[in-house]
Amino acid sequence: MPMRSSGFAPDEHQDPEAGAVTEPKRVGVVHEHDLLRRGIAGCLDEDPALVVAFAVADEPPDEPIDVAVVSSRALAATSFDVPVVLFRDTTAHGPVVQREMVYATLSLPQLTAEQLVASVRAAAVRLRVSEQDAQRAAGRLDERRLEVLRLLAAGETTKSISAKLAYSERTIKTVIRDLETELSARSRAHAVAEAMRQGLIT
């Protein structure tokens, strides 16, 4: 059964820079191992930018979500039209299906709660994250987010960026907040400085 992409969720997350309220990302967890499934859901529930819509062993309900955290078995059995964070089963054989929807691949035992949350937050806004750099997806920012960074560096405001890129101000604020998270930045200015330091923008 294909998973549906989320629409708008209730406003709960405060944008620390702009003062605007944005909705948390809805997460679906599908993993056959009870302990792992509960642990994943528990870690994600502690982050105010995320809300766990469901956590099931198999056959996910038809609920809208923004990102799915799944096992190899779940990925093989279910069609996802949202970004996927894959918990890789090192004993599984054969190719990973739906590879284009996998935005991050994680494996135990080195994984930390912080890496899990960072990977899910990045995938929810369609940023791909390597396992070796799960807390910093900036090296693989898509063109839209790079353009937002360039415009911020040029001194543009949220309103002017919204007009230039033809996105709502709400969307631009969400992109900026997620950029701050992925760049481990304290503010918009810090995000721009960090992006320049990493050579993402000039």
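The numbers here are math on the coordinates, done by the rules we state, and not lab data. All values reported here derive from a predicted model rather than from experimental measurement. Ideal geometry is used to build each Cβ from the backbone, glycine not excepted, and the neighbour counts take in all protein chains shown.
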- Task: Per residue of the range 70-85, in order, report the coupling 6.51 cos²θ - 1.76 cosθ + 1.60 (Karplus, θ = phi - 60°) as ³J(HN,Hα) in whole Hz, putting x for Gly and Pro.
- Result: 9, 8, 4, 5, 5, 5, 6, 9, 10, 8, 10, 10, 10, x, 10, 9
- With label points set 7 Å from each Cα along the Cα-to-Cβ direction at L35 and F54, the distance between them in nm comes to 2.6 nm
- Task: Rank-order 59-66, 179-186, 26-33 by packing density, defined as the average count of other C-beta atoms within 10 Å over each peptide's residues, highest first.
- Result: 26-33, 179-186, 59-66
